[in-house]
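Presented below is the structure to which this report refers.
The values are calculated or read from the model by the stated rules, or taken from the named source; none is laboratory data. No experiment lies behind these values; they were computed from the predicted model shown. Neighbour counts run over all protein chains shown; Cβ positions are idealised from the backbone, glycine included.
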Ligand code: ADP
């Protein structure tokens, strides 16, 4: 076992102690191994995004613990957490929060400049390499506002990767894309994972989850089951079989 992240008895309540208290995460135990490609499924409102925000230190847990790289997140100050997220975690959201009126290139380098770990020269080279690899070199100098949805998602991935994070968190990363662009983004994420980066995705899309290694299912704030599919490789696995396998598992749970 080579654990990257573990939550134990993680609880999250919004408005604790108030009349409108909302107990969203209930005793969630989750282990994520280094190098894993994991997805979280479950009905809308079951707590998937909240789980992502709480295990990544974006939000404050109500009780329990989250340990990342052997470090208890509760011991971190807000500033330290921001630093940890900047240097060790990458985030890809459905609606990517990129900086308007900046070029694609500048959006990619920004978090590396903020992290101050590498020289500007090295950062610029790294950004160019990533942008090339993600197939958006021709729009590198363009204003971000001119990019299409699929291109924006690729910029988001470049930005998430620029600091060589230990883990990429994605919240419906393909949700706003057409199926061809979604397939391409999933292939890129799989390739990033094959390179050793841990990836955790929140998704409602069976086609997305079928390409991940393990799928956990949330219901009403709890992880109620999981399905281990093993690593996906197009050469050795039939994606149809994995999708069917997942579908029957979900149907068995009444989803
Ligand atoms: P999912 O990602 O599975 O759709 P969410 O984690 O977004 O679910 O939401 C789980 C529950 O938590 C929902 O009932 C939602 O309304 C509630 N919730 C999410 N964020 C907040 C917030 N900031 N304040 C109060 N309730 C919230």
**OP:** Take residue 128 and decide whether it is more than 23 Å from residue 54 (Cα to Cα), modelled with pLDDT of 90 or more and either in contact with a strand residue (DSSP E or B) (Cβ under 6 Å, 6 or more places away or on another chain) or surrounded by 13 or more Cβ atoms within 10 Å (Cβ to Cβ) (or both).
**Re:** yes
**OP:** Would you be able to tell me the number of residues in the stretch 30-56 that are away from the ligand (no atom under 14 Å from the Cβ) and in a loop (DSSP other than H, G, I, E, B)?
**Re:** 3
Original post:
How many residues, within the stretch 200-222, are more than 12 Å from the ligand (Cβ to nearest atom), outside any strand (DSSP E or B) and crowded, with 22+ Cβ neighbours inside 10 Å?
Top reply: 5
**OP:** Would you point out which residue out of 144, 167, 157, 185 is buried (at least 20 other Cβ atoms within 10 Å of the Cβ) and farther than 27 Å from residue 243 by Cβ?
**Re:** 144
Original post:
Within the stretch 113-123, is even one residue crowded, with 17+ Cβ neighbours inside 10 Å and touching a helix residue (DSSP H, G or I) at 6+ places or on another chain (Cβ under 7 Å)?
Top reply: yes
Original post:
Among (1) modelled with pLDDT under 90; (2) assigned to a helix (DSSP H, G or I), which single condition is residue 177 missing?
Top reply: (2)
Subject >> In the stretch 228-255, residue surrounded by the fewest Cβ atoms within 10 Å (Cβ to Cβ) [restricted to those that are touching a helix residue (DSSP H, G or I) at 6+ places or on another chain (Cβ under 7 Å) and in a helix (DSSP H, G or I)] >> reply: 247
Subject >> Verdict on residue 61 being farther than 26 Å from residue 188 by Cβ, within 16 Å of the ligand (Cβ to nearest atom) and surrounded by 17 or more Cβ atoms within 10 Å (Cβ to Cβ) >> reply: yes
